[in-house]
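Participant: Once you've had a glance at the structure underneath, I'll fire off some questions.
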């Protein structure tokens, strides 16, 4: 009892904001979040149609699924790549970035689940695929939901050491440490399925998704999640350097290794894309607008950042690597939005998602950033901790 | 009540208790039911639309309007007019009730469900409202009530409730031209083939729905190629569950291979590390 009381008091004391309140970031994001929360209430009192102009009978999935879930999953790829490098390959020098990568993925996946909840028409049946007698085992979405639940659990287990250090409980910490490697291995397995599975959702739309994006979508989704995850880790590093000046461990030259790995996977991706185009005889599409968009994706957002990565790694220019990572992430976002929205039913006129949908989508991301900041300011994520004896 | 009757009642009662249907559906069959639409006979009176709305308690259709339409949350079937070579052709559109429906294989809670009688129905007590069925359906049939707080997926359910009572679907009873024929799929394909055989110049030699998307419950005959009548031409003949089969198998494979591979890698590299 005493322990619980102590924990609650500690938790309440930790809830108080640390640092300055009136930062430009807070001033800009607070009204957006408040508006977003109001719109979420509006959505639950007036139905899904009230907020989603993009979501219609022709385009059932709007921004919440297309951007927050499908794109978000790809951006959380770092949550399995970095633990793979550190715990499986045993490259210990990358240890400083493992916790922020895990935290990004953990928060990411929790908030995708939240976005899905907002997007469901009948959310009170949310537990039907998890418990009960309605298992649609032949459905990819069913697999995806289970993987999502298990993966969040695994990421939480991977993150547990940081929580125990924050609470200052040494016995609990020793127990949590023992879970990590097992959780990492299970999590990598689940992540492979979830990354490919997001693409596999569209396997059932062979006539609706443009052939250029449809062909071998699961493999390309998986490979792109690798360089997307690596690039996001590079970007988070460069941002947190500025934001969390007091505690950020200097990743320094570590990002060269990540840039190298990203560049290599992008090379594999591009080569496979070319083989895929040649093999499925898709050259004809390059005369159409969708074909041009595809070329923009491949040349502007794969080949171009690949060259930048190569130069940055060769000459050890951090700025160039960071810029390349940024362009890569934009390219991944473009690719996922193409699959979910632009190249989906490309033969029909498209509408831009309504402003309310955009605000809600942005709100989810902003709350996620706030949660990230709250945790980084309290737990040993970026600052130096006892990773030597892990 | 004699002994035999007593046993019979007892058995039915017991069956009811353990959830076995004491009484079979009057329409019980080992084959899927279907419908044959002969578009050459349809005069576009849209009686079927009216009957459908009545049976399903939907707002009455505006019969004066003959713009091309899609099915919607309050019109489970629509008849569209196509003008081809100065000839007016009317095509009824509704759920095709596929043999292996894309919507049902997409549904993660089996809310979209292929009954053993043939109709593909929606079960509200399971549905999450994720709208994946709408992504999957190659005919774009399921429609979602966006402006409802208790939204339903709406589409033609082949009047499953009527079928269970031994009645035919609402639309077929209303058709004055016998452009709609209700029956088992096998019978209907025979009738359709016979019509093509006897009138080779009248019909295109293709029964739409016989093989499309792995076969549909609704079959169509027409005098002009189907792509001119608004039918999706690129649906193909592959049953939709086939598209995801490979991935579903590989999920099991990844679950078996990945952890053992990763553990092996982890162990192997760890030893090397310690050797240093």
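The values are calculated or read from the model by the stated rules, or taken from the named source; none is laboratory data. Since the structure is predicted, the reported quantities are computational estimates derived from the model, not experimental observations. So basically every Cβ, Gly included, is an ideal-geometry build from the backbone, and we count neighbours across all protein chains shown.
Participant: Test residue A:341 against the stated conditions and say whether it is touching a residue at least 24 places away in the same chain (Cβ under 8 Å), more than 30 Å from residue A:274 (Cβ to Cβ) and not in a loop (DSSP other than H, G, I, E, B).
Facilitator: no
Participant: It is to be established whether one or more residues within the range B:251-269 are under 17 Å from the mean Cα position of the chain (by Cα) and closer than 30 Å to residue A:188 by Cα.
Facilitator: No, every residue in the range B:251-269 fails to be under 17 Å from the mean Cα position of the chain (by Cα) and closer than 30 Å to residue A:188 by Cα.
Condition check ((1) under 18 Å from residue A:199 (Cβ atoms); (2) assigned to a helix (DSSP H, G or I); (3) under 23 Å from the mean Cα position of the chain (by Cα); (4) modelled with pLDDT of 95 or more) across all residues:
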| site | (1), (2), (3), (4) |
| --- | --- |
| A:277 | yes, yes, no, no |
| A:304 | no, yes, yes, yes |
| A:325 | no, yes, yes, yes |
| A:329 | yes, yes, yes, yes |
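Participant: How many of the residues in the range B:147-159 are farther than 15 Å from residue B:58 by Cα and surrounded by fewer than 20 Cβ atoms within 10 Å (Cβ to Cβ)?
Facilitator: Residues that pass the stated criteria total 4.
Participant: Residue A:90 is checked against (1) on the phi > 0 side of the Ramachandran plot; (2) at pLDDT 95 or above and fails just one. What number does that condition carry?
Facilitator: (2)
Participant: Now for a different question. Confirm whether residue B:43 is exposed (fewer than 14 other Cβ atoms within 10 Å of the Cβ) and modelled with pLDDT of 90 or more.
Facilitator: yes
Participant: Do you know which residues across the range B:181-227 are within 14 Å of chain A (Cβ to nearest Cβ) and over 21 Å from the mean Cα position of the chain (by Cα)?
Facilitator: none
Participant: Here is a further query. Quick check on residue A:300: is it free of Cβ contacts under 8 Å to residues at least 40 places away in the same chain, under 19 Å from residue A:337 (Cα atoms) and assigned to a helix (DSSP H, G or I)?
Facilitator: For residue A:300, the condition - free of Cβ contacts under 8 Å to residues at least 40 places away in the same chain, under 19 Å from residue A:337 (Cα atoms) and assigned to a helix (DSSP H, G or I) - is met.
Participant: Answer yes if at least one residue in the range A:166-175 is in contact (Cβ under 8 Å) with a residue 60 or more places away in the chain and surrounded by fewer than 22 Cβ atoms within 10 Å (Cβ to Cβ), and no otherwise.
Facilitator: Yes, because at least one residue in the range A:166-175 is in contact (Cβ under 8 Å) with a residue 60 or more places away in the chain and surrounded by fewer than 22 Cβ atoms within 10 Å (Cβ to Cβ).
Participant: Confirm whether residue B:230 is within 14 Å of chain A (Cβ to nearest Cβ), in contact with a strand residue (DSSP E or B) (Cβ under 9 Å, 6 or more places away or on another chain) and in contact (Cβ under 8 Å) with a residue 60 or more places away in the chain.
Facilitator: Yes; evaluated as a whole, the condition is true for this residue.
Participant: Tally up the residues in the range B:233-248 that are closer than 14 Å to residue B:139 by Cα and in contact (Cβ under 8 Å) with a residue 40 or more places away in the chain, please.
Facilitator: Result for the range B:233-248: 3.
Participant: Okay, moving on. Does residue B:74 fit the bill of being surrounded by fewer than 24 Cβ atoms within 10 Å (Cβ to Cβ) and within 14 Å of another protein chain (Cβ to nearest Cβ)?
Facilitator: Considered against the rule, which asks whether it is surrounded by fewer than 24 Cβ atoms within 10 Å (Cβ to Cβ) and within 14 Å of another protein chain (Cβ to nearest Cβ), residue B:74 comes out as yes.
Participant: Among the residues of the range B:233-262 satisfying the criterion of being within 30 Å of residue B:87 (Cα to Cα) and at the interface with chain A (Cβ under 8 Å from one of its Cβ atoms), which is surrounded by the fewest Cβ atoms within 10 Å (Cβ to Cβ)?
Facilitator: Top of the filtered list is B:234.
Participant: Residues of the range A:25-43 being surrounded by 13 or more Cβ atoms within 10 Å (Cβ to Cβ) and within 14 Å of another protein chain (Cβ to nearest Cβ), which ones?
Facilitator: Result: A:42, A:43.
Participant: Only one residue in B:8, B:67, B:21, B:83 is in contact with a helix residue (DSSP H, G or I) (Cβ under 9 Å, 6 or more places away or on another chain) and modelled with pLDDT under 95. Which one?
Facilitator: B:21
Participant: Return the residues of the range A:165-208 that are facing another protein chain (nearest Cβ under 7 Å) and under 16 Å from the mean Cα position of the chain (by Cα); say none if nothing qualifies.
Facilitator: Across the range A:165-208, the qualifying residues are A:188, A:192, A:193.
Participant: How many of the residues making up the range B:47-77 are in contact (Cβ under 8 Å) with a residue 60 or more places away in the chain and assigned to a strand (DSSP E or B)?
Facilitator: 1
Participant: Residue A:333 - would you say it is closer than 30 Å to residue B:137 by Cβ and modelled with pLDDT of 95 or more?
Facilitator: Criteria met by residue A:333.
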